[in-house]
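Enquirer: Got a structure for you, written out below as structure tokens; questions coming shortly.
Computed from the coordinates by the stated procedures, all read-outs in this text should not be read as laboratory data. Computed from a predicted structure; not experimentally measured. Here the Cβ positions follow ideal geometry from the backbone for every residue, glycine too, while neighbour counts run over all protein chains shown.
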Amino acid sequence: MPIRIVLVDDHVLVRQGLKALIENDGSQVMGEASDGQEALRQVESLRPDIVVMDISMPSFNGLNAAREIGRSFPKTKTILLTQHDESQYVSEALEAGVKGYVLKNQAAGDLLQAIKQVSRGQVYLSPGVSGAVVESYQSKLDETKARLTPREKQVLQLIAEGKSTRDIASVLGISVKTAESHRTRMMHKLDIHETASLVLYAVRKGIVQP
């Protein structure tokens, strides 16, 4: 089954060239749009696998559209195709949930590779994107994850030690409902939703010993 794609660029000639390139590689371009708002309508109607989208567009740019697609249509993945290689754009794109970031000055095969990798659930960044940019973004993520309250850190430690929610409530002298609330907020902050992954995170951060 071909990968189903919506193309978004405010230049018709660019879209025509991309469509030919993508369809020659076996994927299906099922829709086109010239700005972010139109892209959202296309995604809502067609539910493509991937949106290939420029950043710089009138009315509603690619970054804003990518955020909205991520919130409203999480099964549709976004690849940004752009001339911008500055760190601020790459970081904003990753924070917006973009799964592919392809520079227009790279070879055509770069976009095709991005489509394949993103369709398999992977993240693709053009070789021209600095590794330092990615490291900077990961550092920001780590800082965000570190912003747990003292109580949430206690809950994390107790979970990592194998305590149930009822046990945690007893140890901390709080209600089961409050313990569950701390657990939920902490997991949301860390964007970790499985106990095994929480334990691994706690070990990596030195909160508990392996």
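Enquirer: Dividing the alpha-carbon radius of gyration of the range 164-210 by 2.2 N^0.38 Å (N being the number of residues), what value is obtained? If you can, show how the numbers build up before the last one.
Expert: Working: Rg = 11.3 Å, N = 47, 2.2 N^0.38 = 9.5 Å.
The reported ratio for this selection is 1.19.
Enquirer: What ranking of Tyr101, Tyr89 emerges when the number of other C-beta atoms within 10 Å of each C-beta is taken as an exposure proxy, fewest first?
Expert: Ranking Tyr101, Tyr89 by Cβ neighbours within 10 Å, fewest first, gives Tyr89, Tyr101.
Enquirer: What order, most packed first, do the peptides 33-46, 116-129 have when packing is the mean number of other Cβ atoms within 10 Å of each residue? If you can, show how the numbers build up before the last one.
Expert: On the way: 33-46: 18.4, 116-129: 15.6.
With the highest mean Cβ count within 10 Å placed first, the list reads 33-46, 116-129.
Enquirer: Report the net charge of residues surrounding His84, where surrounding means a beta-carbon distance below 12 angstrom and charges are Lys +1, Arg +1, Asp -1, Glu -1.
Expert: Value of the local net charge: -3.
Enquirer: Ok, one more. Could you work out how much longer the chain between Ser56 and Gln88 gets when fully extended? Use 0.36 nm per residue separation minus the Cα distance between them, nm to one decimal.
Expert: 10.1 nm
Enquirer: To continue, here is another question. In percent, how large is the relative contact order of the chain, given Cα pairs closer than 8 Å and 6 or more residues apart?
Expert: 13 percent
Enquirer: Quick one: which residues, 5 or more positions from Leu125 or on another chain, have an amide H under 5 Å from its amide H? H modelled 1.01 Å from N in the peptide plane, none for Pro or chain starts.
Expert: Tyr101
Enquirer: Which trypsin sites (Lys or Arg not before Pro) does the range 52-103 hold that lie in a coil by DSSP with at most 11 other beta carbons within 10 Å?
Expert: Answer in residue order: Lys75.
Enquirer: What order do you get for Met53, Met30, Met187, Met1 when you list them from fewest to most C-beta neighbours inside 10 Å? Kindly include the intermediate steps, with their values, before the conclusion.
Expert: Details: Met53 27, Met30 16, Met187 19, Met1 5.
Fewest-to-most ranking of Met53, Met30, Met187, Met1: Met1, Met30, Met187, Met53.
Enquirer: Select from Ser87, Leu63, Ser164 the residue farthest towards the positive end of the dipole of the chain; place +1 on Cβ of Lys and Arg, -1 on Cβ of Asp and Glu, and compute about the Cα centre.
Expert: Among Ser87, Leu63, Ser164, the one farthest towards the positive end of the dipole of the chain is Ser164.
Enquirer: Per-residue HN-Hα couplings for the range 178-186, Karplus 6.51 cos²θ - 1.76 cosθ + 1.60 at θ = phi - 60°, whole Hz, x for Gly and Pro?
Expert: Each residue's phi maps through the Karplus curve to give 5, 4, 5, 5, 4, 4, 5, 5, 5 Hz.
Enquirer: With the cut-off at 23 Å, tell me which of the pairs Lys77/Lys153; Lys75/Lys99; Lys75/Lys177 have Cα atoms farther apart than that.
Expert: Over 23 Å Cα-Cα: Lys77/Lys153; Lys75/Lys177.
Enquirer: Name the residues whose placed amide hydrogens come within less than 5 Å of the amide hydrogen of Ala33, ignoring near sequence neighbours (fewer than 5 apart) on the same chain.
Expert: Leu7, Val8, Asp9
Enquirer: Okay, moving on. Can you work out the Karplus-derived ³J(HN,Hα) for every residue in the range 11-23? Use 6.51 cos²θ - 1.76 cosθ + 1.60 with θ = phi - 60°, whole Hz, and x for glycine or proline.
Expert: Coupling constants for the range 11-23: 10, 4, 4, 5, 4, 4, x, 5, 4, 4, 4, 5, 6 Hz.
Enquirer: Could you work out the helix-only [θ] at 222 nm for the chain, with each DSSP H run of four or more residues adding -39,500 (n - 2.57) and the total divided by the number of residues, to the nearest 500 deg cm²/dmol?
Expert: Calculated from helices alone, the mean residue ellipticity at 222 nm is -17000 deg cm²/dmol.
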